[in-house]
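One structure below.
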Amino acid sequence: MDLNFTAAEEAFRAEARAWLEANVPTEPLPSGDTRDGFAAHLEWERMLFAARWSVVSWPAAYGGRDASLWEWLIFEEEYYRAGGPQRVTQNGIFLLAPTVFEFGTQEQQDRILPRMAAAEDLWCQGWSEPDAGSDLAGIKSRAERDDAAGGWRVTGQKTWTTRGAFCTHLFGLFRTDPEAERHKGMSYLLIPLDADGVTVRGVGRLDGDEGFAEVFLEDVFVPDADVLGGVNEGWGVAMATTSSERGLTLRSPGRFTAACDRLVDLYQRAAGATERDREQVAQAWMDAEAYRLFTLRDVTEMAEGRSLGARSSLNKVWWSELDVHLHEAALDLLGSLGELEGDAPAAVDRGAWMKGYQFALSGPIYAGTNEIQRNVIAERVLGLPRK
Amino acid sequence: MRFAFTDDQILFRDTVRDLLDKECQPEQVRYAWVDDDGRLLDVWSALGEMGVLGVQVPESLGGLGLTELDLVLLLEETGRVGLPDPIVEAVAVAAPLLAEVGSPELQQQWLPALAGGDALVTTAFGGVLVPNADSAGLVLAERDGRLVAVPTGAAELERQPSVDGSRRLFGVTWDDGDAIVLAEGADAQAAIDRALDRGALGTAAQLLGLGRQMLDLTVGYVKERRQFGVPIGSFQAVKHHVADALLHLEFAVPVVHAAAYALATGDPDAPRVVAHAKAAANDAARMVGRQALQCHGAIGYTVEYDLHLSLKRVWALSESYGSSAHHRRRVADLVLGPIPS
């Protein structure tokens with residue numbers, strides 16, 4: 001056991017820290033889940049790309065630094081430590097990209113990844129439908145074969161599509177064989193949102209931002225080149241994406257350890273904090289630290305070639321509940337100031353804690369509800385019977 | 001960076017696991033409930049032969065001269081099977097403490113015998129009472145800021161029965177004139193602080209093992225037990241209980257291992273990591289225990305079924321060497337600083 005980073009890794013950290021300290025906007029950007037905020041975030045994403053910090057773990061040819069998993073973790077720690085803005089490109093970079101690396105053809109990788117890294121193409125996830133949420137295999141949106149045109153014609157509706165109103169492209173699951181059994185007969189398609197037949201309608205989320213969208217598809221043509229993985233093999237491809245979503249890449253520990261450091265700072269500024277507040281803050285800090293240590297062990301496993309499998313569901317439950325608890329602790333510290341909007345003159349930290357709390361409450365829902373995760377843990381890690 | 005044990009450490013763990021699986025079955029633990037000394041002396045001497053009792057005894061004194069990191073997995077195993085003998089007190093706390101502050105004569109007198117399983121040294125740091133003082137020759141304790149060694153022959157012992165019938169707890173009183181002073185002042189405080197951290201780490205490791213044992217027992221049970229014509233493990237409410245149990249256990253494990261690493265490497269943050277580890281292990285083991293009992297239903301609420309052996313050990317160890325609240329306060333003091341005014 002050796003819990004120290006190498007000199008080269010520490011040098012990587014120093015380089016990342018120096019760049020972030022010099023470049024992270026000193027004034028927080030407006031929310032990336034609003035139209036104006038999204039545009040402001042794109043500028044930031046393009047700065048990151050220009051300095052080769054947008055996709056550190058990718059090959060240099062696609063704009064990355066060939067960083068190891070350890071270096072990626074270090075970058076994430078530094079990014080959130082420096083107060084880096086939310087990554088509006090995350091659903092492409094952290095969810096679709098690992099799937100493209102695993103299942104994409106060379107042509108798809110060359111075409112999709114550099115534009116994703118550069119924040120030229122902005123990807124959203126088209127999975128949930130009005131009648132298929134937790135029961136993802138129940139999707140009904142259909143893609144019918146058009147042999148003459150060499151592709152598929154897609155009709156249906158996706159919903160709860162994060163930043164769908166601002167993104168340029170959608171990746172999603174569509175039923176390509178309506179006769180097949182539920183988990184078969186689906187394909188993973190890549191669709192530009194400016195294609196003929198696509199209509200996007202933004203939906204205000206709980207926090208007031210237009211962060212959700214409904215995406216309506218009416219006879220939208222998708223060429224064969226935009227099928228990711230095999231036709232009718234979409235379920236298996238999608239499961240690779242969910243493992244990125246539940247596992248390491250979407251929510252690295254650095255995000256929560258940085259949030260807890262800010263929580264500690266808030267505590268130290270909070271006159272009249274109670275013993276109970278103190279315990280809650282300490283517990284949140286400990287839970288974030290436990291996630292950091294858990295991840296160091298997981299990355300060791302991965303670096304030595306062992307796969308995490310269904311254990312990624314443990315991660316997802318832990319970080320999503322931790323995120324709620326740490327924001328509850330913060331709101332308790334703020335007391336009656338906690339409800340203030342960011343532009344209220346008396347708001348503390350620009351209202352970031354209430355905003356963060358509202359976002360944290362989505363964590364136990366998105367990426368597979370925590371009830372689904374607990375089923376996965378019980379059935380696939382502990383071997384309990386499905387029925 | 002490599003957050004994993006070496007092949008040798010895993011092999012040592014597996015060897016100890018094999019021994020304990022054979023020799024420390026629930027029947028043996030139940031025997032310790034009713035016999036005089038609450039000891040499994042055959043297991044203890046086998047552990048001595050394997051080197052387990054001398055992991056932290058210097059090689060020159062018959063031990064292996066290793067560290068907390070080499071011991072932590074072995075303690076998990078002793079927790080899993082509910083070994084009643086005071087391995088935390090003797091092996092994790094007393095041995096390294098004597099090796100640090102004992103006089104050469106005292107070390108020579110006690111450490112080789114402790115490592116070989118021929119003599120027992122226990123400690124009074126886990127709480128107000130002393131485990132297995134009746135079968136120990138020496139008790140290490142604090143009095144008036146001094147770290148002392150008290151020969152049990154000169155002390156008065158008063159048995160205090162525990163909810164866990166396999167524990168042998170004693171109130172120990174002695175005259176100052178009979179105690180050997182090992183350290184005073186700041187040296188004593190530093191040595192005692194390290195002893196408390198080692199005890200907290202050792203019991204945390206045992207709690208992880210207990211948690212694992214109770215979870216395994218429960219998973220096995222809910223797969224077999226049928227109601228409404230199906231295994232109860234197919235019900236979502238039951239699935240979520242066991243999933244929560246695993247979740248809390250799995251997120252306590254790396255903290256306990258990091259605490260072993262911190263103590264073994266002399267990390268100045270070790271007190272914080274150890275406090276975190278004990279709080280996390282306490283909470284996880286108690287949580288797993290609650291879920292285990294609930295998933296078993298009435299059978300789990302009997303003394304005929306084995307679950308109660310583990311539950312009662314958890315109740316004892318989760319308060320020994322500091323409760324969750326105590327250790328959370330330590331973390332708060334180290335991370336949050338003073339209460340803001």
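The values are calculated or read from the model by the stated rules, or taken from the named source; none is laboratory data. This one's a predicted model, so the numbers in the text were calculated from it and none came from an experiment. Positions of Cβ are backbone-derived with ideal geometry, glycine not excepted, and every protein chain shown enters the neighbour counts.
Does B:Glu184 satisfy being modelled with pLDDT of 95 or more and within 13 Å of another protein chain (Cβ to nearest Cβ)? Judged against the criteria, B:Glu184 is not a match. Please find, within the stretch A:253-272, the residue that is surrounded by the fewest Cβ atoms within 10 Å (Cβ to Cβ) out of those that are more than 14 Å from A:Ala288 (Cβ to Cβ) and among the small types (Gly, Ala, Ser). Ranking the qualifying residues of the stretch A:253-272, first place goes to A:Ala271. How many of the residues making up the stretch A:124-168 are surrounded by fewer than 20 Cβ atoms within 10 Å (Cβ to Cβ), of a type in the set (A, V, I, L, M, F, W, C) and over 29 Å from A:Asn370 (Cα atoms)? Going through the stretch A:124-168 one residue at a time, the tally reaches 2.
Whether any residue in the stretch B:45-63 is touching a Lys or Arg at 6+ places or on another chain (Cβ under 9 Å) and in contact (Cβ under 8 Å) with a residue 60 or more places away in the chain is what I want to check. Spell out the reasoning first.
Initial filter on the stretch B:45-63 (touching a Lys or Arg at 6+ places or on another chain (Cβ under 9 Å)): B:56.
Retained after the next criterion (residues that are in contact (Cβ under 8 Å) with a residue 60 or more places away in the chain): none.
No, the stretch B:45-63 has no match at all.
Of all residues in the stretch A:270-309, those satisfying the criterion of being of a type in the set (Lys, Arg) and either over 20 Å from B:His248 (Cα atoms) or more than 10 Å from chain B (Cβ to nearest Cβ) (or both) are A:Arg276, A:Arg278, A:Arg306.
Consider the stretch B:19-46 and keep the residues that are acidic (Asp, Glu) and within 19 Å of the chain's Cα centre (by Cα). The one that is farthest from the other protein chains (Cβ to nearest Cβ) is B:Asp37. Figure legend. Inter-residue proximity from the stretch B:116-133: first residues in contact (Cβ under 8 Å) with a residue 60 or more places away in the chain and closer than 16 Å to B:Ala195 by Cβ, second residues small (Gly, Ala, Ser) and surrounded by 22 or more Cβ atoms within 10 Å (Cβ to Cβ), beta-carbon distance below 6 Å, spacing 6+ or different chains. Indicated pairs: B:Thr123/B:Ala94; B:Phe125/B:Ala195; B:Phe125/B:Gly199; B:Gly126/B:Gly199; B:Gly126/B:Ser320; B:Gly127/B:Ser320.
Evaluate the following for A:Ala82: is it surrounded by fewer than 21 Cβ atoms within 10 Å (Cβ to Cβ) and more than 30 Å from A:Ala288 (Cα to Cα)? Give the steps one after another, and end with the answer.
Working: surrounded by fewer than 21 Cβ atoms within 10 Å (Cβ to Cβ): yes; more than 30 Å from A:Ala288 (Cα to Cα): no.
Taking the combined requirement at face value, the residue does not satisfy it.
Checking A:Trp53, A:Trp58 one by one, the residue that is without any contact (Cβ under 8 Å) to a residue 40 or more places away in the chain, buried (at least 19 other Cβ atoms within 10 Å of the Cβ) and either closer than 21 Å to A:Cys124 by Cα or not basic (Lys, Arg) (or both) is A:Trp53 and no other. Residues in the stretch B:213-251 that are more than 8 Å from chain A (Cβ to nearest Cβ), polar (S, T, N, Q) and either crowded, with 18+ Cβ neighbours inside 10 Å or on the phi > 0 side of the Ramachandran plot (or both): B:Gln213, B:Thr218.
Does any residue of the stretch B:299-309 turn out to be under 17 Å from B:Thr78 (Cα atoms) and in contact with a Gly (Cβ under 6 Å, 6 or more places away or on another chain)? It would help to see each step written out before you state the result.
Taking the stretch B:299-309 first, the residues under 17 Å from B:Thr78 (Cα atoms) are B:306-309.
So of that shortlist, the ones also in contact with a Gly (Cβ under 6 Å, 6 or more places away or on another chain) come out as B:307, B:309.
Yes, the stretch B:299-309 contains a residue that is under 17 Å from B:Thr78 (Cα atoms) and in contact with a Gly (Cβ under 6 Å, 6 or more places away or on another chain).
Remark: pairs (first residue in the stretch A:324-340, under 17 Å from B:Pro340 (Cα atoms); second residue of a type in the set (S, T, N, Q); Cβ separation under 9 Å; 6+ apart in sequence or on different chains) = A:Ala329/A:Gln280; A:Ala329/A:Gln283; A:Asp332/A:Thr274; A:Asp332/A:Gln280; A:Leu333/A:Gln280. The residue that is farthest from the other protein chains (Cβ to nearest Cβ), among those in the stretch A:1-50 that are part of a loop (DSSP other than H, G, I, E, B) and of a type in the set (Asp, Glu), is A:Asp33.
Of the helices (runs of 4 or more DSSP H) entirely within the stretch B:232-341, those holding at least 2 residues that are charged (D, E, K, R) and over 18 Å from A:Leu384 (Cβ atoms) occupy B:270-296, B:307-317, B:324-335.
Suppose we filter A:Glu129, A:Glu102, A:Glu107 for residues that are closer than 23 Å to A:Val200 by Cβ, in contact with a helix residue (DSSP H, G or I) (Cβ under 9 Å, 6 or more places away or on another chain) and either touching a residue at least 40 places away in the same chain (Cβ under 8 Å) or not assigned by TED's automatic domain parsing to the domain that holds A:Pro59 (or both); which single one remains? Walk me through how you get there before you give the answer.
Values: A:Glu102 fails: closer than 23 Å to A:Val200 by Cβ; A:Glu107 fails: closer than 23 Å to A:Val200 by Cβ.
On inspection, the qualifying residue turns out to be A:Glu129.
Of all the numbered requirements in (1) buried (at least 22 other Cβ atoms within 10 Å of the Cβ); (2) of a type in the set (Asp, Glu); (3) modelled with pLDDT under 95, A:Glu289 misses one, and that requirement is (3).
Checked against (1) of a type outside the set (A, V, I, L, M, F, W, C); (2) within 22 Å of A:Phe171 (Cα to Cα); (3) touching a residue at least 40 places away in the same chain (Cβ under 8 Å); (4) surrounded by 19 or more Cβ atoms within 10 Å (Cβ to Cβ), A:Glu77 passes all but a single condition, namely (2).
If you scan the stretch B:160-187, which residues turn out to be touching a residue at least 60 places away in the same chain (Cβ under 8 Å) and part of a helix (DSSP H, G or I)? If you could, list the steps in order and put the result at the bottom.
From the stretch B:160-187, those touching a residue at least 60 places away in the same chain (Cβ under 8 Å) are B:162-168, B:180, B:182-183, B:187; that's our starting set.
Listed by number, the list holds a single entry, B:Asp187.
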